[in-house]
1. Hey, what did the range 4-165 get for relative contact order, percent, Cα under 8 Å, at least 6 apart?
2. Sum -39500 (n - 2.57) across every DSSP H segment of at least 4 residues in the chain, then divide by the residue count to get the 222 nm mean residue ellipticity, nearest 500.
3. What number, in percent, do you get for the relative contact order of the chain if the mean sequence gap of Cα pairs under 8 Å and at least 6 apart is divided by its residue count?
4. Packing-wise, with mean Cβ within 10 Å as the measure, how do 88-100, 225-237, 110-122 rank, highest first?
5. What is the gain in length, in nm to one decimal, between residue 33 and residue 13 on full extension, counting 0.36 nm per residue of separation less the C-alpha to C-alpha distance?
6. Under a crude label model (7 Å from the Cα following the beta-carbon direction), how far is residue 5 from residue 134 in nanometres?
7. Percent relative contact order of the range 155-213, based on C-alpha pairs within less than 8 angstrom and at least six residues apart?
8. Based only on other Cβ atoms within 10 Å, what is the fewest-to-most ordering of 49, 318?
């Protein structure tokens, strides 16, 4: 098959850009499914050599004036000899998505939306000016302005929609009883940590990591997990276990790689691991992430049929052993960027749809939104993109749980790559540089967006406190000394406003 080229000219200060950050960039096709493509920069032009015919777009980490650095997308375009102007196509892409969501959300004639519609129209006017510009450099400058206006309008639109529908959901009494959860790190449990959990959360997620439980074959280390489960059960704090089965490098024990080319043996060992954990903790844990992210984190390069078999096995074993338990299938990297670089993975929506169509016995999907690190799946997205993604997963007809969400409370300085080497790029920013204040505002808006959706049943923050080796550095709601950050206080406030105050009163009496 011939290779097909899609190119974009990138302008800065009236001339072709000297440098373009391609960290996290990928090409996507129909339904925004990532495509495999080689992406390079030459003389201020991004050249995308793709392996599939048909229109395609580019997703790229872009510094949007007045907003922050987010991973955002162009429209889908056909190949042509002359390059497209990147800023113009990014603005066009955002405005197209706004038009689609205005219709989907029924906001075209919604009372109070007129101001936002005016902002969208101003962005369109500037985009038209960009399309009529005399030179590509002038088009890029106006496209940049149109993009800024469009992104800020779309964020305002998502906030307006979520606030209105969250109030409606609250007034009808449709919010679930256990709304907020939080993950913990398996350090030694303390009374201070317990009090912080009781004050803010309805359930606690304990990490079930095969690598930690069985560091050597048939040698088990249950003590850290036992200590937390016993503490939480003693104080009648509902527990969620996550995840019974994951094939990320952080989860798989080293000794399992001996069998990396023997699927049958790995499947049997995984069955025994899942059975062992369920039998040990099933009387204490009623909600399980039975599999997490095997569609994207696939360190053994299992094929499609093997991944589906593992999914079916873990869900069936859980439901057979404890029929009343809630079995959740966890989706990581909801936009599926990883698929553009690894052919042995499955796009997340395709995997989720196949799980439903295959008759796997499970209760709900979980979604993970971890942002901050400069790695696939974790580049910053804005609230409009988050809200749109949630709507996509709602079409599967299953309840959704936000299994884990996290952003940093401060920017981290990436390690140096050596003398003369440029440091790795950050994973993006939202409105302002990351700080405790920004983290708190982000948390508030994310929770409002998520819980405004009638199909979202809970939101779980990924980790309670900062600790060494965190995936999202400085991502806890507490500092390492368990002092509360602004985001923790904001969550306590939100929980009270959304009807969690009475549930939270047990903290004072426990």
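Bear in mind these aren't lab numbers, they're just calculated from the coordinates by the rules spelled out. What you are looking at is a predicted structure, and each value in this text was computed from that prediction instead of being measured. Using ideal geometry, Cβ is built from the backbone for each residue, glycine included, and neighbour counts are taken over all protein chains shown.
1. Numbers: 292 pairs, mean separation 36.2, N = 162.
Rounded, it is 22 percent for the range 4-165.
2. Values: 14 runs with 192 residues, N = 510.
Helix-only estimate at 222 nm: -12000 deg cm²/dmol.
3. Values: 1003 pairs, mean separation 75.0, N = 510.
Averaging sequence separation for qualifying contacts and normalising by length gives 15 percent for the chain.
4. Values: 88-100: 21.8, 225-237: 15.8, 110-122: 14.2.
Ranked from most to least packed, the peptides come out as 88-100, 225-237, 110-122.
5. Details: separation 20, 0.36 × 20 = 7.20 nm, distance 3.28 nm.
Taking residue 33 through residue 13 to full extension adds about 3.9 nm, to one decimal.
6. Going by the 7 Å Cα→Cβ label model, 3.0 nm.
7. Details: 32 pairs, mean separation 20.7, N = 59.
Reported relative contact order: 35 percent.
8. Values: 49 15, 318 28.
Lowest count first: 49, 318.
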